Amino acid sequence: AALVRLCALHADHSVWTRLQENAMRHPVGWEISAAEYAALYKVLTGA
């Protein structure tokens, strides 16, 4: 089912382009994730 939806999205060029642009706006670096993991560690360990 997911593959069928993917193929349908890919066939619609405007939707596919919008998906790509939205994905590229999402930060993929460790700056945000590292801080969130550190905060979670402190909560879990009581540090």
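Since every read-out is calculated from the coordinates, none of them should be taken as a lab result. The shown structure was predicted, so the numbers you read here are calculated from the model rather than taken from an experiment. So basically every Cβ, Gly included, is an ideal-geometry build from the backbone, and we count neighbours across all protein chains shown.
Miscellaneous remarks
- Unit charges on C-beta of K, R, D, E only; dipole of the chain, Debye: 80
- Computed lengthening from Cys7 to Leu40, 0.36 nm per intervening residue step minus Cα-Cα distance: 8.1 nm
- The computed P(r) over Cα pairs in 5 Å bins from 0, in percent for the structure shown corresponds, within (i) 4, 20, 25, 23, 16, 8, 3, 1; (ii) 4, 18, 13, 13, 10, 9, 12, 10, 7, 3, 0; (iii) 5, 19, 15, 18, 26, 16, 2, to (ii).
- Which of His13, His26 has the fewest Cβ neighbours within 10 Å, and the rest in rising order: His26, His13
- Neighbourhood net charge (12 Å Cβ-Cβ; Lys/Arg +1, Asp/Glu -1) for Leu19: +1
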